[in-house]
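Undergrad: Next up is a structure, given as structure tokens.
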Amino acid sequence: MRLPSWLAQHLAALRALLVFTALLGIAYPLVMVGVGRIPGLSDRTDGSLVMVGETTVGSRLIGQAFTDADGNPDPRYFQSRPSAAGDGYDPTSTSASNLGPESIVDTLADNPDDASQSLLTQVCARSVAIGKLEGVDGRRPYCTADGVGAVLAVFRRDGLTGPVTRVVSVNQTGTPFVATYEGVTVEPAKPGEDYQALGGVMTPIRGDAPAKPAVPADAVTASASGLDPDISPAYAELQVPRIARERGLSPEKVQALITDNTDDRALGFLGEPGVNVLRLNLALDGK
């Protein structure tokens, strides 16, 4: 007896559902769990947690902040790179800022909840703060001395050409970082104004910052995940004088700890060397 075509189709679909449920819903997860228990992999599948005694102090795979009771960087410890995941290093909210190289204009508003910083200003502010913490020159190209993006909205008589008629420092509501531009007095910005929509050409000003900033790039930019547990050897070495001073150690001793906690490129050629901050700080504490 031949089944009706509609019933045959439904039975075929049911068989496919059962087969793929068994393969992908049961067998595949069980195989992956088994693979995860292989010696050498089980630590990673469990989260690479780091224990000190009976206490979990973090994970080698997830960055964390090292701050004092007031939320400021603890000068006794190496600092991680910035994080854009939630309130910082939140594994349930892993993400980037989604701001790119063209993010150079801040959103200025009287209500702080409506204001936001461009990527350029975030980088500038972080560089100034790290420069103060480490006692080095925190200046960067296209940044003002007080840590905002050095960007002017330049208005010309004929749009993109002709003499300059008006100039606004778009990221500053106070005294502009330069007094004049091509002979025209620079105005401070007004909250809520969109100077690009008004016809201004956004013009970053490089300034006199050194070509190679003292503060490395990874110290002022968040990773794509916001959870990067590593910093570059250059950023770790920048922190050596502070750590040595705060801990009463020799710089050579601190440098040796950095070397011991630096991971080389994967397979010898992928990526860049990285210093695991949690491991390094535990080594500082003798744990």
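The rows are residues; the columns are (1) under 28 Å from the mean Cα position of the chain (by Cα); (2) at negative phi; (3) acidic (Asp, Glu); (4) at pLDDT below 95.
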{"position": "Glu134", "(1), (2), (3), (4)": "yes, yes, yes, no"}
{"position": "Leu152", "(1), (2), (3), (4)": "yes, yes, no, no"}
{"position": "Arg156", "(1), (2), (3), (4)": "no, yes, no, no"}
{"position": "Gly159", "(1), (2), (3), (4)": "no, no, no, yes"}
{"position": "Thr180", "(1), (2), (3), (4)": "no, yes, no, no"}
{"position": "Gly183", "(1), (2), (3), (4)": "no, no, no, no"}
{"position": "Ala211", "(1), (2), (3), (4)": "yes, yes, no, yes"}
{"position": "Asp228", "(1), (2), (3), (4)": "yes, yes, yes, yes"}
{"position": "Ser232", "(1), (2), (3), (4)": "yes, yes, no, no"}
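Undergrad: How many residues does segment 232-285 contain that are surrounded by 17 or more Cβ atoms within 10 Å (Cβ to Cβ) and part of a loop (DSSP other than H, G, I, E, B)?
TA: 3
Undergrad: Also: Pick from segment 187-241 the residues that are out of contact with any strand residue (DSSP E or B) (no Cβ under 7 Å at 6 or more places or on another chain) and among the acidic types (Asp, Glu): which of them is nearest to Asp90 (Cα to Cα)?
TA: Per the criteria, the residue is Asp228.
Undergrad: Out of segment 185-208, which residues are touching a Ser or Thr at 6+ places or on another chain (Cβ under 8 Å) and surrounded by 15 or more Cβ atoms within 10 Å (Cβ to Cβ)?
TA: Val186, Glu187, Ala189, Gly207
Undergrad: Being touching a Ser or Thr at 6+ places or on another chain (Cβ under 7 Å) and in contact (Cβ under 8 Å) with a residue 24 or more places away in the chain is the filter here, so list the residues in segment 68-81 that pass it.
TA: Pro73, Arg81
Undergrad: Pro82 versus (1) of a type outside the set (Phe, Trp, Tyr); (2) within 30 Å of Gly192 (Cα to Cα); (3) surrounded by fewer than 13 Cβ atoms within 10 Å (Cβ to Cβ); (4) assigned by TED's automatic domain parsing to the domain that holds Gly286: which is the lone unmet condition?
TA: All conditions are met except number (3).
Undergrad: Only residues in segment 179-206 that are closer than 18 Å to Asp110 by Cβ count as the first member; pair them with residues that are aromatic (Phe, Trp, Tyr) and modelled with pLDDT of 95 or more, Cβ under 9 angstrom, at least 6 apart or cross-chain, and list the lot.
TA: Taking only residues 6 or more apart or on different chains, the pairs are Ala189/Tyr195; Tyr195/Phe155.
Undergrad: Being charged (D, E, K, R) and closer than 17 Å to Thr221 by Cα is the filter here; which residues of segment 107-131 pass it?
TA: Result: Arg126, single match.
Undergrad: With the structure loaded, tell me whether Thr107 is among the β-branched types (Val, Ile, Thr), surrounded by 15 or more Cβ atoms within 10 Å (Cβ to Cβ) and within 22 Å of the chain's Cα centre (by Cα) or whether it fails that test.
TA: no
The values are calculated or read from the model by the stated rules, or taken from the named source; none is laboratory data. Because the structure is a prediction, the values reported are computed rather than measured. Cβ atoms come from the backbone with ideal geometry, glycine included; neighbour counts cover every protein chain shown.
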